[in-house]
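The values are calculated or read from the model by the stated rules, or taken from the named source; none is laboratory data. Since we're looking at a predicted model, the values are computed, not measured. Cβ placement follows ideal geometry from the backbone for every residue including glycine, while neighbour counts extend to all protein chains displayed. These area figures cover heavy atoms from the full protein model, side chains too; ligands, DNA and RNA do not enter into them. Shrake-Rupley method; radii C 1.70, N 1.55, O 1.52, S 1.80 Å.
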Amino acid sequence: MNVKPATRSETMIVAASRALKNDDVCFVGIGAPSAACNLARLTHAPDIVLIYESGTIGTRPNVLPLSIGDGELCDTALTTVPVPEMFSYWLQGGRISIGFLGGAQIDRYANLNTTVIGPYDAPKVRLPGGGGAPEIGAHCKQTFITMALNRRTFVDQLPFITSFGHGRGGDHRRSLGLTTAGPTRVIADMCILEPEAESKELTVTALYEGVTRDDVTRECGWPVRFADTLATLPAPSEQELRVLRDLQERTRIAHGAVAA
Amino acid sequence: MAEFLDLQTAIQSTVRDGDVVALEGFTHLIPFAAGHEIIRQQRRDLTLIRMTPDILYDQMIGMGVARALRFSWGGNPGVGSLHRFRDAVENGWPHPLLIEEHAHAAMAAAYQSGAANLPFATLRGYIGTDHPNVNSQIRQIVCPFTAERLAAVASIRCDVAVIHAQRADRNGNVLLEGILGVQREAVLGAKRAVVTVEEIVDDFGPRSPNTTILPSWVITAIARVPRGAFPSYAQGYYPRHNGFYLAWDEISRDRDRFLAWMQRYVLDRREVLGPDCLQGVAA
């Protein structure tokens with residue numbers, strides 16, 4: 001291999017992109033989800049429909065957007081609808097197969113916090129808040145989550161549930177009337193976790209090449225469980241890395257050029 | 001009918017202390033110039049409403065314009081935190097800020113029901129989340145047909161909606177295109193509406209029959225303010241200045257540095273921002 005080996009964050013984005021299929025209709029969060037979805041579109045899933053909450057449907061950006069409403073998304077979209085229509089007809093209407101989210105913190109049942117660190121009324125850190133995530137998590141047929149795994153992000157107890165995953169586990173989702181599957185996969189930067197069928201507790205199902213069980217146990221904020229048979233995820237291919245790095249380089253130049 | 005006014009007069013005659021005001025724009029067409037005029041006129045005790053309070057609201061909050069904020073995502077998109085917003089919530093600087101926090105779906109629905117002159121919006125929202133525990137304005141209702149429990153939020157009906165658009169014609173009709181956000185709903189749900197535009201044209205020319213146009217008779221005042229959305233963007237006119245959004249993270253982190261920037265580029269000057277507004281503030 002004559003390209004530089006993948007960083008952990010690149011490995012995560014590639015793993016996340018592989019989770020997507022060509023016939024998916026995907027509601028895309030900003031950051032790592034956006035990179036993964038566009039990498040999928042530029043590699044194995046050319047027909048994937050990408051939707052951003054700004055109302056852009058079927059968008060094919062040449063560079064990654066800095067915000068969910070960059071002009072690039074509108075310029076390259078099949079159509080752009082008003083924001084109330086996006087959330088009511090398309091998201092609540094049940095037209096989206098995959099919601100792809102990031103977050104500041106996650107717990108063992110894949111609930112997400114992007115609201116506060118500390119008490120709500122006297123927060124230690126005031127985070128941006130939920131945006132589209134609470135209803136993306138509720139109305140997409142299933143959700144994927146991608147975020148780096150460490151003691152600050154994978155926590156035992158969330159101070160605030162911004163986006164409901166599997167609640168307290170078991171049939172909690174269904175008991176609240178949610179008919180969608182919720183989080184079915186968490187693509188971290190060391191491993192992939194999936195909710196265990198009954199308890200819905202996140203369980204490590206695959207490790208990336210070069211990562212050990214101890215590495216994951218050490219970094220995770222709760223005593224994390226492992227599946228009986230643990231897969232090893234192949235490292236990013238040379239082609240995947242090339243496409244991702246080209247995309248990120250184009251993005252860097254585009255945002256830098258505007259700044260100059 | 002909309003009146004053509006200069007920006008200063010448009011704001012003076014429509015925005016009063018204590019008003020409920022939405023300066024809307026979903027990344028695109030954010031009415032920066034109008035917001036800066038509100039800061040210059042030292043309006044106080046405003047209840048600000050916006051789905052995505054970003055840099056403009058960070059500036060307005062930091063300059064002490066706002067008493068309360070109803071919102072659903074308060075960050076610098078793709079960059080990180082809003083430091084002035086955080087300072088107000090975490091430390092009460094320059095004074096405490098009441099917040100009413102929602103999710104996008106509920107805010108969008110509340111704008112829609114506001115435009116429809118209904119008292120509330122209903123949606124399948126907030127299921128299982130902590131939002132209803134910290135916001136008493138999120139309630140539940142039971143569907144009279146199916147008995148399903150649904151979320152209900154009060155409609156958004158502002159005293160003043162402020163938006164930026166691409167063009168007005170000489171009769172005061174306004175054309176918007178690109179990412180539309182909730183601007184139509186904000187205007188149609190408001191008592192008064194101020195629109196800044198890139199240009200005023202004799203005629204909109206050839207267009208689709210479905211072009212988004214706000215007729216003159218739903219608008220109070222129109223001001224021609226080229227680049228009035230900068231450093232946000234106007235589709236077809238100029239791109240988003242992403243470099244400014246990146247730089248704001250540093251400018252806004254420190255109170256004194258923030259105040260110095262506001263003095264130099266907003267209080268001491270009347271013309272709209274341009275790429276020069278990062279001069280003298282490099283990290």
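Checking residue A:88 against (1) surrounded by fewer than 24 Cβ atoms within 10 Å (Cβ to Cβ); (2) in a loop (DSSP other than H, G, I, E, B), which test does it fail? Here residue A:88 meets the rest and fails (2).
A quick yes/no check of all residues on (1) touching a Gly at 6+ places or on another chain (Cβ under 7 Å); (2) assigned by TED's automatic domain parsing to the domain that holds residue B:36; (3) open to solvent by less than 40 Å² (accessible area, probe 1.4 Å); (4) under 30 Å from residue B:115 (Cβ atoms):
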| residue | (1), (2), (3), (4) |
| --- | --- |
| B:218 | no, yes, yes, yes |
| B:230 | yes, yes, yes, yes |
| B:253 | no, yes, no, no |
| B:258 | yes, yes, yes, no |
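Against the conditions (1) at pLDDT below 95; (2) buried (at least 24 other Cβ atoms within 10 Å of the Cβ), residue B:81 satisfies every one except (2). Residue count for the stretch A:151-178 satisfying the condition of being in contact with a strand residue (DSSP E or B) (Cβ under 8 Å, 6 or more places away or on another chain), outside any loop (DSSP other than H, G, I, E, B) and among the polar types (S, T, N, Q): 1. Filtered by the rule that a residue be under 18 Å from residue A:111 (Cβ atoms), in a loop (DSSP other than H, G, I, E, B) and polar (S, T, N, Q), the stretch A:180-213 gives A:180, A:199. Here residue A:216 clears all of (1) closer than 29 Å to residue A:42 by Cβ; (2) part of a helix (DSSP H, G or I); (3) at pLDDT 95 or above except the condition numbered (1). Considering B:21, B:89, the condition of being open to solvent by 10 Å² or more (accessible area, probe 1.4 Å) and either touching a residue at least 40 places away in the same chain (Cβ under 8 Å) or of a type in the set (A, V, I, L, M, F, W, C) (or both) is satisfied by B:89 alone. Looking at B:91, B:76, just one residue is more than 7 Å from chain A (Cβ to nearest Cβ), within 30 Å of residue B:250 (Cα to Cα) and more than 20 Å from the chain's Cα centre (by Cα), and that residue is B:91.
A quick yes/no check of all residues on (1) open to solvent by 10 Å² or more (accessible area, probe 1.4 Å); (2) touching a Pro at 6+ places or on another chain (Cβ under 6 Å); (3) not in a loop (DSSP other than H, G, I, E, B):
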| site | (1), (2), (3) |
| --- | --- |
| A:6 | yes, yes, no |
| A:10 | yes, no, yes |
| A:16 | no, no, yes |
| A:30 | yes, no, no |
| A:40 | no, no, yes |
| A:61 | no, no, no |
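I'd like the full set of residues that are in contact (Cβ under 8 Å) with a residue 60 or more places away in the chain, within 14 Å of chain A (Cβ to nearest Cβ) and not in a loop (DSSP other than H, G, I, E, B), limited to the stretch B:188-232. Across the stretch B:188-232, the qualifying residue is only B:188.
Please verify whether residue A:65 is within 24 Å of residue B:236 (Cβ to Cβ) and outside any helix (DSSP H, G or I), treating the condition exactly as stated. So residue A:65 passes the test. Just wondering, is there one or more residues in the stretch B:1-8 that are at pLDDT below 95, of a type outside the set (Gly, Ala, Ser) and touching a helix residue (DSSP H, G or I) at 6+ places or on another chain (Cβ under 6 Å)? Yes, some residue in the stretch B:1-8 is at pLDDT below 95, of a type outside the set (Gly, Ala, Ser) and touching a helix residue (DSSP H, G or I) at 6+ places or on another chain (Cβ under 6 Å). Taking residue A:34 as the residue in question, decide whether it is under 28 Å from residue A:253 (Cβ atoms) and in a helix (DSSP H, G or I). Considered against the rule, which asks whether it is under 28 Å from residue A:253 (Cβ atoms) and in a helix (DSSP H, G or I), residue A:34 comes out as yes. Of all residues in the stretch B:244-274 being among the acidic types (Asp, Glu) and part of a helix (DSSP H, G or I), which is farthest from the other protein chains (Cβ to nearest Cβ)? If we take residues in the stretch B:244-274 being among the acidic types (Asp, Glu) and part of a helix (DSSP H, G or I), then B:256 is farthest from the other protein chains (Cβ to nearest Cβ). Among the residues of the stretch A:152-169, none qualifies, meaning not one is more than 14 Å from chain B (Cβ to nearest Cβ), closer than 23 Å to residue A:118 by Cα and in contact with a helix residue (DSSP H, G or I) (Cβ under 6 Å, 6 or more places away or on another chain). The set of residues in the stretch B:107-156 that are in a helix (DSSP H, G or I), in contact with a helix residue (DSSP H, G or I) (Cβ under 8 Å, 6 or more places away or on another chain) and open to solvent by less than 40 Å² (accessible area, probe 1.4 Å) comprises B:108, B:109, B:111, B:114, B:115, B:131.
Of all the residues in the stretch B:157-180, those that are closer than 22 Å to residue B:8 by Cα and open to solvent by 10 Å² or more (accessible area, probe 1.4 Å) number 6. The residues listed here are B:147, B:108; of these, the one that is outside the structural domain of residue B:73 (by TED's automatic domain parsing) and closer than 27 Å to residue B:65 by Cα is B:108.
For the subset of the stretch A:172-188 comprising residues that are open to solvent by less than 20 Å² (accessible area, probe 1.4 Å) and closer than 30 Å to residue A:8 by Cα, which member is nearest to the other protein chains (Cβ to nearest Cβ)? Checking each candidate, the answer is A:182. Scanning the stretch A:219-260 for residues that are among the acidic types (Asp, Glu) and in contact with a helix residue (DSSP H, G or I) (Cβ under 6 Å, 6 or more places away or on another chain) yields a total of 1. For the stretch A:92-136, the candidate set comprises residues that are acidic (Asp, Glu) and surrounded by 18 or more Cβ atoms within 10 Å (Cβ to Cβ); within that set, the residue that is farthest from the other protein chains (Cβ to nearest Cβ) is A:107.
Looking only at the stretch A:137-150, decide whether some residue is open to solvent by 10 Å² or more (accessible area, probe 1.4 Å), within 13 Å of another protein chain (Cβ to nearest Cβ), without any contact (Cβ under 8 Å) to a residue 12 or more places away in the chain and in contact with a helix residue (DSSP H, G or I) (Cβ under 8 Å, 6 or more places away or on another chain). The answer is no, given that none of the residues of the stretch A:137-150 is open to solvent by 10 Å² or more (accessible area, probe 1.4 Å), within 13 Å of another protein chain (Cβ to nearest Cβ), without any contact (Cβ under 8 Å) to a residue 12 or more places away in the chain and in contact with a helix residue (DSSP H, G or I) (Cβ under 8 Å, 6 or more places away or on another chain).
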